[in-house]
Amino acid sequence: MGTLTTKIKDMPIRKAFILSVSITVVMILLLSAGTFAGLSTFQNFLLQDANAVYLTVTRTLEDGTQMESTIRMEYGEESQSVPFLTGGTTKDEPSTDTQYSVKKVDSGYSHLSPKRKFAYQGSGLAMVMLPILYSVTGILICGFWFYRKKLEQPIHVLSDATEEISKQNLDFSIQYAGNDELGKLCMSFEQMRAALYENNRKMWSLLEERRLLQASVGHDLRNPVAIIEGYTEYLLLNLPTGTLDDKKILDIAGNLNQAAKRMERYTDSIREISKLEEIEVKPVPTKAKELLEDMAADFQMIAEQQDISITVSTSVPNTEINADAPVLYRILENVISNALRYAKNEIHISFELNRNQLSAEITDDGPGFPEKILLDKGRSPYTTDTTNQHLGIGLIISRILCQKHGGTLELYNKPEAGAFIKITLQV
């Protein structure tokens, strides 16, 4: 029974409709034919002598004597010998004249009893009405069955899904097991819902990141603003009195210049992040091992200039991957540049390719990430104004680019010491 139900659910709607209508028509024809045959038999039973006749044979002999014999027969019945009437003559006597007459038995509708007339009329009416009743009932049953088996469930599923989406709720799933046209429509609807959910999740993540970044920049800008404000007030108070010598004025000017440059770095970082929204990731087929080795060589050369050792280990075969090389390079460059600022002696990079996912792990022997950032799972912004900590605007850029490339950027601290960053990209 379950297999039949599954076959019906998987059957195309057109085929199921034609099949159900065909079965309904055949059933109506069979019931109508059976009803007509049964009611005809019943009417013939009411008119039992309808096919009966009387055959009368009259013979006139030479002497004028007539002999008459009558027998009851049925239409189509074979001939019978007719017995002669008794009296006067023998069978061998020649006859002068023989006459035949056929008379139908008078057993028609007019001679039926009232009850039989009512039954006869009722059966005649039933011959007309029952096929009509069968047709109407068959159409209703066929339509109800077709709706229940093929339309009701997917329509309810799609209706509920539409209602949830209208409420701006995408945290649900569309479940329908049929493989017919409506089943494929439900599957497409589920794919659309999943895509909307993922797009909304990314959008809210970017908006939250933008909000946190703005809050961070607003907080960090207060320091150079406060420095500039303090020094300007100090100059306004002391320049008129002539108590400041040239060396003190130069020191104040230098501090003001540094504060202004810090403000400029903040604004440049915000401008750069804003431009990330315009970047489109365009993966192209690329030899994986050659690409990663070229990048690693560049990073090792940069590290040598800062007396930092970079070791690279990779188990990636030289197969083709679909990657945006400039985006991948920029992600790794930002992460490794951040590691170079805080590493003491060495940085380790490892690459691994698992099916269509490329992963990179970067570790250093620096102080590691602040606990607050680890607890927030990377949702907190990375400021550029804290020393001896693993922070940097480049990590925000790398995380955004990872998301655009279908991947993630995760932050950890090693148990012994140092930072651990894991990058995964869909390739």
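Worth a mention:
- Taking amide H as placed 1.01 Å from N in the peptide plane, LEU61 has its amide H under 5 Å from the amide H of GLN66, MET67, THR96, each at least 5 places away in sequence or on another chain.
- Accessible-area value, TYR234, 1.4 Å probe, nucleic acids and ligands omitted, Å²: 90
- Potential extension, LEU112-TYR329 segment - 0.36 nm per residue separation minus Cα distance: 67.5 nm
- What the phi angles of segment 62-71 give under the Karplus curve with 6.51, -1.76 and 1.60, with θ = phi - 60°, is a coupling list of 5, 8, x, 6, 10, 10, 10, 9, 10, 9 Hz, glycine and proline written as x.
- Residues whose amide H comes within less than 5 Å of that of GLY407, counting only those at least five positions distant or on another chain, are GLN426 (H built at 1.01 Å from N in the peptide plane).
- Computed with a 1.4 Å probe over protein heavy atoms only, the accessible surface of segment 283-375 comes to 53 Å² per residue.
- Over 24 Å between alpha carbons, listed pairs LYS287/LYS422; LYS184/LYS404; LYS275/LYS344; LYS287/LYS404: LYS184/LYS404; LYS275/LYS344
- Here the calculated FRET efficiency for ILE8 and LYS289, from their Cβ-Cβ distance with R0 = 51 Å, stands at 0.45, rounded to the nearest 0.05.
- Extension gain for ALA260 to SER166 (0.36 nm times residue separation, less C-alpha to C-alpha distance): 28.9 nm.
- Between the amide H of GLU346 and those of SER309, ASP365, distances stay under 5 Å, these residues lying 5 or more places away or on another chain, with hydrogens modeled in the peptide plane.
- Solvent exposure, largest accessible area first (probe 1.4 Å, DNA, RNA and ligands not counted), of HIS348, HIS156: HIS156, HIS348
- MET11 contributes about 40 Å² of solvent-accessible surface, heavy atoms of the protein only, 1.4 Å probe.
- Counting only protein heavy atoms and a 1.4 Å probe, segment 235-281 has 74 square angstrom of accessible area per residue.
The values are calculated or read from the model by the stated rules, or taken from the named source; none is laboratory data. Because the structure is a prediction, the values reported are computed rather than measured. No Cβ is skipped: glycine too gets one built from the backbone with ideal geometry, and neighbour counts run over all protein chains shown. Calculation scope for accessible area: heavy atoms of the full protein, side chains included, ligands and nucleic acids excluded. Shrake-Rupley method; radii C 1.70, N 1.55, O 1.52, S 1.80 Å.
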